[in-house]
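Worksheet: one structure, shown below.
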Amino acid sequence: MKTRFAKFYNLPELMSMFKEVADIKTSDMLDLPVPEAHYRVVSVKPTKDQKRMLEKLSERADLVRDGHVDPSEDNMLKITNDGRKLALDQRICDPTLPDAKNSKVNACVNEVYRYWVDGTEDRLTQLIFCDLSTPGKGGFNVYDDLKTKLVKKGIPKEEIAFIHDANTDQRKKELFAKVRNGTVRVLIGSTFKMGAGTNVQDRIIASHDLDIPWRPRDLEQRAGRTIRQGNRNKQVEIIRYITEGTFDAYMYQTLESKQKFIAQIMTSKSPARSAEDIDETALSYAEIKALASGNPLIKEKMTLDAEVAKLNILRQSYMDQIYKTKSDIVNRFPKRLKYLERTIEKVKEDIEKVQAFTPETYLTDKTFPGMRIRDISYEDETEAGKALIEAAACGKNHISAVSIGTYRGLELGIREDVLKNMMILEIGYDLSITLGISGKANIKKINAEIDAYGDRVSAYEAEVESILRQMESAKDAVTKAFPYQEQLEEKSKRLAELNALLELDKPEHVVMGAA
């Protein structure tokens, strides 16, 4: 038995650190003009031969687990790969076996032919992804079998191509051009060769996942060839094929386990506290796994798993909000109110000083009222402006303001904003301007701020009223229970019942689930 990380806690903090070195842009943030994708699953029954061979794989696994076979001869990786091949087509494991009429390959052939017929007028194209049983290795392979059957159905062989035949950059460029213009209408390839960098989306109407890759990103890359800017189709189909009761179920379980964590990281949304929920993408994997298992209880369990996980996230978010609201009631609101009350008091005192020291001539015709800079009184506006700029040097390298004089009854202080490389003139208790190079312009800005001082009092008093209303609303909110608590309890209870019925609550299952 092996152990590894299965759950990560404190994801918001982890993501905060990660975003210091990474810029994540997801599809929901970019909102690009791409076609609407409809995902569909084609499920086929296993043959008697597939069931028999699965039993042999189980026997091999028992021998490996008990140490009765040398790892160089047989191991779990080999068994898993054989299981994947068996789920794709029984003839890969044993070429002497017959071609099963209801196999995944034959189901895919029927689907591809139907889309080919429907898209003949517009010469619409299709992609088939298959990582196993690629051409050129001798003996039976799925690629040649697909092409032979599609040609037999009536598709011209020149309209079917393998990505593997384009073994140079020039050939690949020519092949992609043929797919884009509809000369080649069915392109078959592996995720590695036909994934990232394959720009053939112009006419794609359907994409077929014939086998199941190891990584969620491979499924994303496959779908990304079709759900892409430049596709003239407004709606496209992504069809995934599974063989029930085979390793397909195991493969989708693996994908689901990986996707749970990946979806928590590569998202524009705020992540949950821990990576254990199933998002919409993972849920689709879970549904496919349920189809492969053939047990309706598992399908119900996977649906409930997702619903309970999402409700738990909602509940955690709700509790976090309640905690924040309580903190606001006790700390943030009172502190802000205290600050506003003191500021209103001081600003009103400043306004009284301005009224006392501003002459009538300024109010009637804006005559310069005089300014005192560094113990010298200036009656001329131009001279006062120059003196103000010269005095700015006093505040160089000072974070806190240095007093340099008075104007209209208010204290003038100068400081440097080092980050912005600017000199800031503070006026009275709550006013400030950024000093420019023009003395007259600086004085004009000072006057504008002082003349509008009364507006600040009104704004602060309005904020006080708003905070008082927020406090009342917050006190009411913290008394309310989680709105979906009843649903959460009901679904959690049913999930526990299903786990018991499926024997998923036994110790050995718990250990394997955490591995």
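Remarks
- Count - residues of region 196-221 that are surrounded by fewer than 20 Cβ atoms within 10 Å (Cβ to Cβ) and not in a helix (DSSP H, G or I): 5
- Any chance Asn75 is surrounded by fewer than 21 Cβ atoms within 10 Å (Cβ to Cβ) and either without any contact (Cβ under 8 Å) to a residue 24 or more places away in the chain or under 38 Å from the mean Cα position of the chain (by Cα) (or both): yes
- Of residues in region 26-62 being surrounded by 14 or more Cβ atoms within 10 Å (Cβ to Cβ) and without any contact (Cβ under 8 Å) to a residue 24 or more places away in the chain, the one nearest to the chain's Cα centre (by Cα): Ala61
- The set of residues from region 433-444 being crowded, with 16+ Cβ neighbours inside 10 Å and touching a strand residue (DSSP E or B) at 6+ places or on another chain (Cβ under 6 Å) comprises Ile433, Leu435.
- Test: residue in region 440-450 that is outside any helix (DSSP H, G or I) and either closer than 28 Å to Glu341 by Cβ or under 45 Å from the mean Cα position of the chain (by Cα) (or both): no
- Residues that are within 14 Å of Leu187 (Cα to Cα), part of a loop (DSSP other than H, G, I, E, B) and within 35 Å of the chain's Cα centre (by Cα) within region 132-173 comprise Thr134, Ala166, listed in sequence order.
- Residue that is more than 23 Å from Asn233 (Cβ to Cβ) and not polar (S, T, N, Q), where the choices are Asp118, Asp144: Asp144
- Lone unmet requirement of (1) hydrophobic (A, V, I, L, M, F, W, C); (2) under 30 Å from Leu54 (Cα atoms); (3) out of contact with any Cys (no Cβ under 8 Å at 6 or more places or on another chain) for Ile163: (2)
- Evaluating Ser133 against the criteria (1) surrounded by fewer than 20 Cβ atoms within 10 Å (Cβ to Cβ); (2) hydroxyl-bearing (Ser, Thr, Tyr); (3) touching a helix residue (DSSP H, G or I) at 6+ places or on another chain (Cβ under 6 Å) leaves one unmet condition, (1).
Read-outs throughout are calculated quantities, based only on the coordinates presented, and are distinct from any laboratory measurement. All values derive from a computational prediction rather than experimental measurement. FYI the Cβ positions are ideal-geometry reconstructions off the backbone, even for glycines, and counts take in every protein chain you see.
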